[in-house]
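In what follows, a single structure is set out as structure tokens and then discussed.
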Amino acid sequence: YLDIYTGEQSKFEEEDDQYQLTRSLLDKHASTFGLQSLPEDLDTEQAKLCLESNLCLTKLVEIDSQPLRFRAPTPLLVGHLIFQLDPAPGLAKTRQNFTALCTGEKGQCKSNPKKKLHYISKP
């Protein structure tokens, strides 16, 4: 199978860092403020209060002024493509070549070492 991803990896990582920071801070300090410990469990008003007060974080912890994020970012993995390869004996070489393109087992092209013989890490 091939995993299918969509979106920008760097944007996802940034949003996930913000979300994980929010989770961590709520986990540590939510009870002090009478809040739920998971960002998803906060209602709109509670989330707004957290944003306005920033959970008094400047006094509690040092952060790189990252914004708080109350919903997990949308995962980049959207699905899998599953291939059923024809088992016909005459297609053995075709199956091997297709599998090598998916796994990267053949490495680089012999005549052009910069050219990769696989689809790994391709958008």
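No value in this document is a laboratory result; all are computed from the given coordinates. The model shown is predicted, which means the values in this text are computed figures rather than measured ones. Positions of Cβ are generated from backbone atoms using ideal geometry, with glycine treated the same way; all protein chains shown enter the neighbour counts.
Data for the structure
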{"quantity": "Ratio of Rg to Rh over the chain (Cα coordinates, Kirkwood Rh, two decimals)", "calculated": "1.26"}
{"quantity": "Computed [θ] at 222 nm, helices only, for the chain once each DSSP H run of length n ≥ 4 contributes -39500 (n - 2.57)", "calculated": "-13000 deg cm²/dmol"}
{"quantity": "Surface/4 of the Cα convex hull for segment 2-60, nm²", "calculated": "5.4"}
{"quantity": "Gain upon complete extension [Lys110, Lys11; 0.36 nm per residue less C-alpha separation]", "calculated": "32.1 nm"}
{"quantity": "Gaussian network model of the chain, Cα within-10 Å springs - most flexible of Glu105, Glu14, Glu40", "calculated": "Glu105"}
{"quantity": "Label point distance in nm, Ser37-Phe98, each placed 7 Å from Cα along Cα→Cβ", "calculated": "5.0"}
